[in-house]
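S.K.: Let me give you the structure first, and then I'll get to my questions.
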Amino acid sequence: LGRGRKMAETNATDLFWYLCKSRGQIHPVEGSQTFKQSFSAKETQWERFKMVQGQTGRLASDYTLVPTPADEDMNQIGDAEIAPKYHSGVLRDGKMDLTWSGEAPALKEKIERGKISKTQRGGEAKSYGRGFIRKQFKSLDLSRQKLRELNVPYTLTALDANFAEEVPNLEELSVSGQALSKVENLPAGVISLNAHCNRILKWPTLPNFNLRHLGLSGNLISSLDGLLREDAERMVWLSSLDISSNRLCTLAQLRSLTALPSLVTLKSGGNPLALLPNYRRRVIALLPKVATLDGAAVLESELPLPPPEEEAPAEPEGSEEPLGGVSRPASAAP
């Protein structure tokens with residue numbers, strides 16, 4: 001795509017199905033599917049005989065049979081053994097780019113098998129509709145970089161209300177480099193989200209507390225007020241957070257991160273607060289559990305020193321009570 005070419009805007013659901021159909025050639029079947037199988041001479045009669053005897057379990061309507069009998073090949077057909085083996089190079093187009101999802105290649109293979117009759121090698125004779133296809137995806141790369149590689153003429157501007165239902169089993173999502181102003185309507189099972197370099201203004205609306213990684217660098221976030229303390233305390237799996245290159249100005253704006261129980265990797269550089277004196281030491285002091293800050297491991301020498309233990313005050317000499325419970329001034333003569 002040329003740099004001067006304007007990209008059409010679209011939402012996540014439409015972009016998902018565009019990639020399925022246009023770049024993956026993954027088309028859901030609508031209605032019943034008819035499988036065509038050509039038979040020579042006696043093959044026609046043989047298949048009909050097996051169907052009459054109930055040996056195949058298939059209906060005659062499953063096939064389009066070509067007549068013209070030929071007796072000489074009857075014995076060969078009777079002894080034929082059909083092994084449902086498959087070579088990936090037969091059904092998969094080598095020029096097709098399915099790298100926008102880790103599940104797309106296997107799904108494409110399964111759909112192509114379904115288009116072939118069971119009497120042919122590798123065929124499954126099954127129809128896969130929209131409901132089946134959308135449930136197979138656990139990862140999606142809808143980033144601008146990936147769409148450029150695929151020559152997709154669209155810019156993602158919204159995670160629409162239908163997106164969570166279209167990919168209900170999604171776990172990993174990348175929408176970096178797009179034109180999103182907010183993150184919402186995520187599928188319930190998402191555990192990794194990369195939304196770098198968008199136009200996001202605030203902390204995203206998350207569908208669960210099971211997130212492992214959240215990438216929000218290069219946005220317009222000026223406050224983390226959307227991360228409530230009670231919610232942060234429940235995000236026990238979130239170990240990696242990237243909020244670098246946003247508009248956070250004070251260390252006080254990072255205080256809500258102290259409630260994240262498992263946060264060990266943090267990127268907060270590139271914000272105005274990174275210009276504060278002793279920025280790194282002050283962040284480490286605020287978040288002592290963080291093991292890696294801005295891509296560099298936290299050294300033991302950078303960790304805040306533990307507070308000194310308080311010693312019990314010493315009792316003054318001569319203040320002990322003698323046996324019998326009667327006290328005596330220390331200056332008194334025996």
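S.K.: Among L238, L224, L201, L211, which is the only one that is assigned to a loop (DSSP other than H, G, I, E, B), within 16 Å of S139 (Cα to Cα) and out of contact with any Cys (no Cβ under 9 Å at 6 or more places or on another chain)?
M.R.: Going through L238, L224, L201, L211 in turn, the sole match is L211.
S.K.: Within the range 97-129, how many residues are closer than 20 Å to Q145 by Cβ, part of a loop (DSSP other than H, G, I, E, B) and open to solvent by less than 30 Å² (accessible area, probe 1.4 Å)?
M.R.: Result for the range 97-129: 3.
S.K.: Of all residues in the range 158-193, which are under 16 Å from G102 (Cβ atoms) and open to solvent by 40 Å² or more (accessible area, probe 1.4 Å)?
M.R.: N169, E171, E172, I191
S.K.: Which one of the conditions (1) under 20 Å from D97 (Cα atoms); (2) assigned to a loop (DSSP other than H, G, I, E, B); (3) free of Cβ contacts under 8 Å to residues at least 60 places away in the same chain does N151 fail to meet, given that it meets all the rest?
M.R.: Tallying (1) under 20 Å from D97 (Cα atoms); (2) assigned to a loop (DSSP other than H, G, I, E, B); (3) free of Cβ contacts under 8 Å to residues at least 60 places away in the same chain, N151 fails exactly one: (3).
S.K.: Moving to a separate point now. Out of all the residues in the range 158-169, is one or more in a strand (DSSP E or B), free of Cβ contacts under 8 Å to residues at least 60 places away in the same chain and out of contact with any Lys or Arg (no Cβ under 8 Å at 6 or more places or on another chain)?
M.R.: no
S.K.: Right, next: Taking the range 266-281, which residues are exposed (fewer than 15 other Cβ atoms within 10 Å of the Cβ) and in contact (Cβ under 8 Å) with a residue 24 or more places away in the chain?
M.R.: P272, L276
S.K.: Are any residues in the range 172-191 touching a helix residue (DSSP H, G or I) at 6+ places or on another chain (Cβ under 8 Å) and either closer than 13 Å to N11 by Cβ or assigned to a loop (DSSP other than H, G, I, E, B) (or both), and if so, which ones?
M.R.: V175, S176, G177, Q178, N185, L186, P187, A188
S.K.: If we scan the range 142-155, do we find a residue that is farther than 20 Å from I26 by Cα and in contact with a helix residue (DSSP H, G or I) (Cβ under 9 Å, 6 or more places away or on another chain)?
M.R.: Yes, there is a match, as at least one residue in the range 142-155 is farther than 20 Å from I26 by Cα and in contact with a helix residue (DSSP H, G or I) (Cβ under 9 Å, 6 or more places away or on another chain).
The values are calculated or read from the model by the stated rules, or taken from the named source; none is laboratory data. Please read all numbers here as calculations on a predicted model, not as lab measurements. With ideal geometry, Cβ positions are generated from the backbone for all residues, glycine too; neighbour counts draw on all protein chains shown. Each accessible area value is taken on the protein alone, full model and side chains, heavy atoms only, with ligands, DNA and RNA left out. Shrake-Rupley method; radii C 1.70, N 1.55, O 1.52, S 1.80 Å.
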